[in-house]
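Below is one structure, written out as C-alpha cells, with a few remarks after it.
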Amino acid sequence: MDRDFLIDLFSDFGPVTIRRMFSGFGISADGTNFALALRGGLFLRADEQTIPQFEAEGSKPFQYQTRTKTVTVASYWQLPERLYDDPEELTGWARAALAAAQRAGLRKRPKARKAGKGTTTRSVPKKATAGKAGAKKKLATTKKKKVSRKTSSS
C-alpha cells in the first residue's frame, strides 16, 4: 500500500494525515492515530466496544514476530477485506476506529515530563544561610546530631 492508495481509500472519511511508521504508515485524523498500514494489511484501532465487530468479520489483531515470540497488539485489528470495495461502510469503520483511539487517549494518564536537552531546571533552596558563619553553624549542628545518634544507640 502506498500513500496515494491510502488517501484515496479514506477519501469518503475525510482528510487524513499519513506518516511513515515502522515499515509502513500511520494514519491519523485530527491529530489522533487510528489506523496502521503495515505488512500489506490495514489495521484499525479497536477497543472493547469495537472488537466484537472485528471478531464477527473473522478479523485478527495485528501480530508480529520477534526472535523468541509472537507479539499480539490487541488494540489494532485487520480491516475486513470486503471493506476495500465499500467506501461508505469503510467510512463507518474508520469513524469507529477514530472514536476508539480518542477513548484510549482519554484513559491514558499524563506522563511526568523529564528535563531534556535544552531544558533547564532550577532548584529552589529550602533556606538561605547567612554566609560562611551560617554554613559553619549548620555543619556543627549536623556533626553534633551524628555524634549523639552514635552514643545513644550504643
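We did not get these values from a lab; they are worked out from the coordinates using the rules stated. These numbers come from a predicted model, not from an experiment. Virtual Cβ from ideal backbone geometry, glycine too; neighbours counted across all protein chains shown.
Charges at C-beta only: +1 for Lys and Arg, -1 for Asp and Glu. How large is the resulting dipole of region 1-88 about its Cα centre, in Debye rounded to 20?
740
For Ser11 and Thr70 in one chain, what is 0.36 nm times their gap in residues minus the Cα-Cα distance, to one decimal in nm?
Working: separation 59, 0.36 × 59 = 21.24 nm, distance 3.37 nm.
Contour length minus the Cα-Cα distance gives 17.9 nm.
How high is the relative contact order of region 1-115, given as a whole-number percent (alpha carbon pairs under 8 Å, six or more residues apart)?
Working: 158 pairs, mean separation 28.8, N = 115.
Result for region 1-115 is 25 percent.
Apply 1/(1 + (r/R0)^6) to the Cβ-Cβ distance of Asp30 and Arg82, taking R0 = 41 Å, and write down the FRET efficiency to the nearest 0.05. Before the final figure, lay out the partial values.
Values: r = 27 Å, r/R0 = 0.65.
Calculated transfer efficiency: 0.95.
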